[in-house]
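To start, the structure under review is shown below, and the notes come after it.
No value in this document is a laboratory result; all are computed from the given coordinates. The model shown is predicted, which means the values in this text are computed figures rather than measured ones. No Cβ is skipped: glycine too gets one built from the backbone with ideal geometry, and neighbour counts run over all protein chains shown.
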Amino acid sequence: MFKNILAAVDGTAHGAAVLDAAAALAQQTAGTVHVIHIRPSQVVSGGLTGGAIVTAEESAEGRKVVDDALDKLRAEGITADGEVDEGLREDLAGILVERAQALGSDLIAVGPGHYHGISALLHTSVSNGVARTAPVSVLLVRSEA
């Protein structure tokens, strides 16, 4: 059970908690962890020129998030690989589900949404979207952050 875990990390304390939970499960089951970080983009209205897609972080930042996670997992003796993807904020849940299916994952570990106030109304919940659409088990990892 849970031999192929997809762990979604974002470089925050929430992502660290997801990674810790995935590591604990992988150690118990001799499983593999595939780390994924999705660099979120959004469409910004450009008036008469239409719009542009803007990515919120540099490519090197996303790679560092994944590399740091892989270093931690491998130091604990866990077989791990990872990737950095890009996607529109509203597509993040779908991207995670698609990657889990492509990788043959049997568990998706994700943190809860951490938007509050007006931001919660403007941004869709990635964890809720994953939980509603994933054909495999989903682990929602809460953190103290």
Hey, for a label at GLU144 modelled as a point 7 Å past Cα toward Cβ, could you say which residues of the range 11-33 have their backbone N under 14 Å away? 13-14, 17
Suppose each label sits 7 Å from its Cα in the direction of the beta carbon; what would the GLN27-GLU90 distance come out to in nanometres? 4.2
With a sphere of radius 14 Å drawn around the Cβ of ALA30, what net charge do the other residues whose Cβ falls strictly inside it have (Lys, Arg +1; Asp, Glu -1)? -1
Can you give the net charge of the other residues whose Cβ lies under 14 Å from the Cβ of ASP106, counting K and R as +1 and D and E as -1? +2
